[in-house]
1. Which FRET efficiency value, to the nearest 0.05, do you get for His467 and Leu47 by plugging their Cβ-Cβ distance into 1/(1 + (r/R0)^6) with R0 = 22 Å?
2. Report the label-to-label distance for Leu205 and Arg79 in nanometres (one decimal), using points 7 Å from each Cα along the Cα→Cβ vector.
3. Under unit Cβ charges (Lys, Arg +1; Asp, Glu -1), what dipole magnitude, rounded to 20 debye, does the chain have relative to its Cα centre?
4. Using a 1.4 Å probe on the protein chains only, how many percent of the accessible area of the chain belongs to carbon and sulfur?
5. Using Rg and Dmax of the Cα atoms in Å as the read-out, say which of (1) 24.9, 102; (2) 22.1, 65; (3) 25.1, 107 was calculated from these coordinates.
6. Placing unit charges on C-beta atoms (Lys and Arg positive, Asp and Glu negative, everything else neutral), compute the dipole magnitude of region 83-207 about its Cα centre in debye, rounded to 20.
7. Obtain the nm distance between the two label points defined at Ala404 and Ala241 by a simple spin-label model: each point lies 7 Å from its Cα along the Cα-to-C-beta direction.
8. Report, for the chain, the % of DSSP beta bridges that are antiparallel, rounded to 5.
Amino acid sequence: MTDLQLPDGVEVTGEIGPGYDSILTPTALGLIATLHRELEGRRQQCLAARAEVVAAVDGGDDLDFLPETAQIRDDPDWRVAQPAPGLVDRRVEITGPTDRKMTINALNSGARVWLADHEDANTPTWGNVVEGQLNLRDSITGDIDFTSPEGKSYALRTDAPLATIVLRPRGWHLNEKHVLVDGRPVSGGLVDFALYLCASGQLQLDRGQGPYFYLPKMEHHLEARLWNDAFTIGQQAVGMAHGTIRATCLIETLPAAFQMQEILYELREHSAGLNAGRWDYIFSAIKTYRTRGSQMLLPDRNAVTMTVPFMRAYTELLVHSCHQRGAHAIGGMAAQIPSKDEEANQAAYDKVAADKSREAADGFDGSWVAHPGMVATCEDAFGAVLGDRPHQLDRLRADVEVSAADLLSLGRTPGEVTEAGLRSNVSVAIQYLAVWMTGRGAVGIFGLMEDAATAELSRSQIWQWLHNDVQLDTGETVTRELVDRIVEEEVAKLDGDPQQYAEARALFMEVAVADDFADFLTLPAYERMA
């Protein structure tokens, strides 16, 4: 085992595998220590403030645009930084974890950008955390290949441009328990950020791009300020000019939807735009208003499309907010994956085409797909609107007027709660968690590429229906006994390791039927990992 050179006060408890010392360098670990010592107190304050918002909503308050930041929203003059190299044309972005095979496939996919995911599509095992960074660095230097157990070889293409890498670190709520500073676990997101900046930041600059990031699950503009300060500290530590780092923020929580412009403003020298993170956004809406009863009930997951009133308001406001400030607006995930069944396959492609055509017509500058096979469909949809233009930042959407009531119009969502929807939520969540706990964070289930956001939405819907005595289309009321029976029946249908499903089932039930709503299921799931 290679010994690491550890800065004072830093402890690494994870196993040190081959090549880990080239990622866990004294510079990187020193930066992690600096970030922790300077920012940890504020991180904890931000997390506590989230709970205060939920408590206020529980008490009858409603979310609203902040009066104390009205001057930011009303000032017509400020803009974010100009688009950075590699982030000018973002019409197609692909997402996925940073294992070696996915790294090659994503970069080769024809997408303009790859969201290299250390968050929802990644199980944060210690090996995934460090080896993902090795794979990213090796892909930048060209020293990457992969051979599958079946003997299929994978290598980077040389006949076309590779996708621009944008790393998504973990959210503020997640720790990294294998790295301690002064005896305390550190922020998982700051670990991901520091390791990538130190291992790959300069390499990206040397080839004409830069260290770029996607920032997840923020709920307040002060959390964006915290990231901005982390970027400033990081750039100073590695000798990069201020503004070299660029970040796109996911607007995937309901509170953040009321602070889009403030989030852009806090990161303005480093800002690369906003993204509409659909599944987590719906999960957040349920979580924030979980005690407000029938007025905030949502129907089956498949009925909560991007065109229902509260989702439509959110996406329209996002495009308007971004373009008013010169920032890219990136659309949501198309989770469909190709199928060997001809009819199902055509239906999947038709859904992606319709989704991306709607986004392009609404003014988005690009969007996400989950599978390389969907890249061309997204490219065609945006190409039909953009033509040779790299984006449509000049389309300001001055016609958009969205109120707080529009953003909170969950109760206007059409659809019903069905037994099939309940069964789907149970099955998808347990299947996903069973694979997540083995170290894989992106899983194809029922024709969709699922990640942690899906499991969060599935269990939160069940919690909401259970705690509001919702009646299904069958006439049955959602009770603990009904959920127990359906869990038993759905697990019995699954092929695979019974022990694996038993562990996933236990975790699922812990968060789906408890009296208190768990903020994130990945927190107890991470505690179960070594």
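The values are calculated or read from the model by the stated rules, or taken from the named source; none is laboratory data. What you see is a predicted model, and the numbers here were worked out from it, not measured in a lab. Please note: Cβ atoms are built from the backbone with ideal geometry, for glycine as well, and neighbour counts cover all protein chains shown. Surface areas here come from the heavy atoms of the whole protein model, side chains and all, with no ligands, DNA or RNA. Shrake-Rupley method; radii C 1.70, N 1.55, O 1.52, S 1.80 Å.
1. On the way: r = 24 Å, r/R0 = 1.09.
According to the calculation, E is roughly 0.35.
2. Computed distance between label sites Leu205 and Arg79 equals 2.5 nm.
3. Values: 46 positive and 78 negative charges, 184 e Å.
The calculation lands at about 880 debye.
4. Numbers: 9670 of 19880 Å².
The computed percentage sits at 49.
5. It is the one labelled (2).
6. On the way: 13 positive and 16 negative charges, 38 e Å.
So the magnitude is around 180 debye.
7. 4.2 nm
8. On the way: 15 of 43 bridges.
Once the DSSP bridges in the chain are tallied, antiparallel ones form about 35 percent.
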